[in-house]
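Notes follow the structure.
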Amino acid sequence: MSFLRSRFVQAVLVLVIAFVVLRFGIQPPAPWSVLTLYMSIVLLAVLVFVSSDSDSWREFVRPIRATLISPDKRRARLGLLIALPLLFGYYAYTQAAAKPQAPPELRAVHPAPPASMPFRGKEIQITGLDNPLRKDQATFKKHVAAGAEIYIRNCLYCHGDNLDGKGHFAYGFNPPPANFQDPGTIAMLQEAYLFWRIAKGGPGLPKESTPWNSVMPAWEDRLTEGQIWQVIVYLYDATGQQPRRWEESH
Amino acid sequence: MGGIALIPSLTVLAAAGLIALSLSAAPSPVAAQAGDAAAGEAVYERKCAGCHGDKGDGKGPAAELLAPKPRDFTAGLYKVRTTANKVPTDQDIFRIITDGMPGTSMPAWAVLPEKDRWNLVAYIKAFAAEKFKEGPKKLELPKDVASSPESIKRGKEMFEAIECHKCHGTEGRADGPSRAELKDEWSNPIAPANLAKPWTFRGGAGRTEIATRLANGVLGTPMPAFLDSVEKPEDIWHLTNFILSLGAASPRYATLVTVTAVSDAIPDDPNADYWTKVAPGNIPLMGQVIVDPRNFNPAIDLVSIRAVYNDREIAFHLTWDDPTQSADDPAKKLYADAISLQFPPQITSGPERPYFLMGDGSDAVYLLRWENGKGVSEATANGPTKIAPLAGAEATGKAVYTNGQYRVVIKRPLGSKDAASPAFSPAVFTPVAFQAWDGGAGEAGTKMSLTSWYYLRLEEPQSNRRFVIPPVVAILTLAVMLLVVRVANR
């Protein structure tokens, strides 16, 4: 394993290992642009390392120089002179012949809610608002059951039986329906936020959230204030998530 | 809050991929476990009762929305069995719970712990315990016959001989003459399977699964067992091979509609050979459930689009399955079959566009429509109920209907003189959306199937860029390398 002591082999090994880890170790896979950025940082670090003192640098450059000059490395030199231009040419071809992809949609997933909103002719204060159904423990179960029924009659086809955003219509729409089992959705939002999103739906989103793309209906046309709170308690009960609470004001 | 996220439309592709995966994976035999019915009840109440009902009678609160209806377990009739009698094995029930039933509202419950699913099997069986007194009897399938042109031909003959086409239609698109009379065990209307869409097969689209369905039928539906009606037992496999030859294994949904550049004239005839050479994009359609009447069970679930343009006009070739050709007849609750393509009236580079559901009061959309009986038209819409025909419309088109399938060509000029109608230009990502109506299924007005916004792109006229750039890059690389070698040798 003497070749492992060569600075050049070490540098190449570090680069290969870093690439394998970054490419296959991250789930879901990072986009190529991010990967390229990470690999440039690793390359920079490797160059800093091999050039830390002049001995190390000389040792690193030796095999490269040898390949370029040494008469007994003629074959390797010739091979490189053929292989590298072909490789670069092939890469250029894949880039030039690539079919265009649909551009990604950039949108704010959880835009800031308004402080208050109109709801069926009255004004509802959102900031600081709590779910009124949580006050009375005696009737809570009844509300969860009522919420379950509202959910399966209205929300099921997009958000799914298992509340994971995989309903009948889920794969046909972009943006896809919210996955309530995901800790990045209702678990990080206040119940008043859900009330706003359910009541106003896609058309009530601000522009940075692309309201023209969302198929979420504005449920204020169909559900009463009480029914919306019921379906909200069902969402948390069925997923086992806890709503985020308002910060205590001092 | 306020995080920016990338929502790649690749999710659609990924979903299609998953469907394809689940289709290709053969069901691995699972060792049966004894379930605990009492423990199963708790899971059932939480996960199943919403559709199948507390009493297992298929009358949960969601039942009225769903088509097909949720199964009534008290009847003890199971659609998908691997047995020769009416009794399914525990593994059969377990598999359906785990994998779900494609094309229905039954999702795959693989998310539940395996123990829970076995407990559910025990609990579900208890709704009709007397039906399980007789044990399951193993079904012996004849020896598999690999697919070949001869086998498919024999399968087609059998398909007609045992009258499969009476319900499933000549080319399997669920358009047979008996389709309207079909009722299930509970007298609900039931549609025959569209055999050209194997990804919607309730019991799976594997070879053995299809052969088993043919051999022992689908209980509770009009689909009989055919093992004894075919001429020779192995005809079951010829039929299977024929059925699998009717359509692609998976829909492979598109995320971008590419409009190919052509220099010649574009034919009007939707059946012209020309169109078979243009690559299609499959777009999934979903129910419109925002405005009343809501359409939870849309009749048209897929439209296949081919598009080309030349220096004067752009043409769209649309293909979709519809079991009945129907024109307006409101007295019979029949309406004209229709399809429309939707574009913003002006193509801008910004992200903003009109509301996907045919625009709204402030932003209109442009519609390119075809309607059975009326032909092609152009319109402006400010919402699904506010559609106004466009004056001076220039779009033309032609439609054909054969064996449960529409093919329509819609053409219009590339440019536009009207501010309400878009001008198409190459290499621009143009928003597009689709709507479709099966008038024979009572769809009209806001009762439709639709998509949200997709992108359409007119491909640049074929350039030789991809043949010029790579050699230049290669030669430049070689030159730089030679230079380096020279400098090093000096």
If each Cα of the stretch A:116-239 is one equal point scatterer, what is log10 of I(q)/I(0) from the Debye formula at q = 0.10, 0.13, 0.21, 0.23 Å⁻¹? -0.29, -0.50, -1.40, -1.64
Would you work out which of B:Leu66, B:Ala84, B:Ser105 lies farthest towards the positive end of the dipole of the stretch B:39-132? Charges go on Cβ: Lys and Arg +1, Asp and Glu -1. B:Ala84
What fraction of the Cα pairs in chain B, stated in percent, has a spacing above 35 angstrom? 44
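Taking the Cβ of A:Arg58 as the centre, find all other residues whose Cβ is under 13 Å away and add up their charges (Lys, Arg: +1; Asp, Glu: -1).
0
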Under 13 Å from the Cβ of A:Met117, count the other residues' Cβ atoms, weight Lys and Arg +1, Asp and Glu -1, and hand me the total. +1
So A:Arg153 and A:Arg58, fully extended at 0.36 nm per residue minus their Cα-Cα distance, gain in nm 26.8 nm
For the stretch A:2-97, size of Cβ-based charge dipole, Lys and Arg +1, Asp and Glu -1, in debye: 340
Distance between modelled label sites at A:Leu15 and B:Ser463, nm, 7 Å Cα→Cβ extension: 3.1
Sort B:141-152, B:82-93, B:354-365, B:378-389 by packing, meaning the average of other beta carbons within 10 Å per residue, with the highest value first. B:354-365, B:82-93, B:378-389, B:141-152
Take the eigenvalues of the Cα gyration tensor for the stretch B:114-234, scale each by 5, and report the square roots as semi-axes in whole Å, largest first. 28, 20, 14
Which entries in B:Lys86/B:Lys131; B:Lys79/B:Lys115; B:Lys386/B:Lys447; B:Lys86/B:Lys115; B:Lys143/B:Lys232; A:Lys142/B:Lys47 show an alpha-carbon gap greater than 19 Å? B:Lys79/B:Lys115; B:Lys86/B:Lys115
Among the DSSP H helices of chain B, those whose Cα atoms extend at least 20 Å along the helix axis and whose mean Kyte-Doolittle hydropathy is 1.0 or higher are B:10-24, B:465-489
For the protein assembly as shown, with only Lys/Arg (+1) and Asp/Glu (-1) charged at the beta-carbon, what is the dipole magnitude about the Cα centre, in debye rounded to 20? 2360
Between the residues A:Trp32, B:Ala265, B:Ala129, the Cα farthest towards the positive end of the dipole of the protein assembly as shown, that dipole coming from +1 and -1 charges on the beta-carbon of Lys, Arg, Asp and Glu, is from A:Trp32
Antiparallel DSSP beta bridges within the protein assembly as shown, as percent of all bridges there, nearest 5: 90
Semi-axes of the equivalent ellipsoid of the stretch B:39-132: what are they in whole Å, largest first, if each equals the square root of 5 times a C-alpha gyration tensor eigenvalue? 18, 15, 14
Taking every residue of A:212-219, the Cβ atoms of other protein chains inside 10 Å of its Cβ average out to 5
Shielding of B:351-357 by partners, i.e. mean partner chain Cβ atoms within 10 Å per residue? 5
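Once you charge only the Cβ atoms, +1 for Lys and Arg and -1 for Asp and Glu, what is the size of the charge dipole of the stretch A:117-228 about its Cα centre, to the nearest 20 debye?
Here the size comes out at about 160 debye.
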Within the stretch B:170-208: backbone nitrogen closer than 17 Å to the B:Lys332 label point (7 Å, Cα to C-beta): B:175-182
Efficiency of FRET from Cβ geometry, B:Asp363 and B:Glu114, R₀ 41 Å, rounded to 0.05: 0.20
At a 10 angstrom cut-off on C-beta neighbours, averaged per residue, how do the peptides A:174-181, B:98-105, A:94-101 rank from highest to lowest? A:174-181, B:98-105, A:94-101
If each of A:Ala138 and B:Ala42 carries a label point 7 Å out from its Cα toward its Cβ, how far apart are those two points in nm? 2.8
Checked the protein assembly as shown against the a/c 1.5 cut and the a/b vs b/c comparison, axes a ≥ b ≥ c from its Cα gyration tensor; verdict rounded
Distance in nm between A:Ser2 and B:Val291 label points, each 7 Å along Cα→Cβ, equals 8.3
Evaluate peptide A:202-210: per residue, the Cβ atoms of other protein chains within 10 Å of its Cβ; return the mean as an integer. 2
How much net charge surrounds B:Thr276 when only the other residues with a Cβ under 14 Å from the Cβ of B:Thr276 are counted, with Lys and Arg +1 and Asp and Glu -1? +1
Students often check this: by mean Cβ neighbours within 10 Å, which of B:463-473, A:18-28 ranks highest, and how do the rest follow? B:463-473, A:18-28
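No lab work stands behind these numbers, since they all come straight from the coordinates. Just so it is clear, the structure is predicted and the values come from calculations on it, not from any experiment. Because the Cβ atoms are built from the backbone with ideal geometry, glycine has one as well, and the counts that use them run over all protein chains shown.
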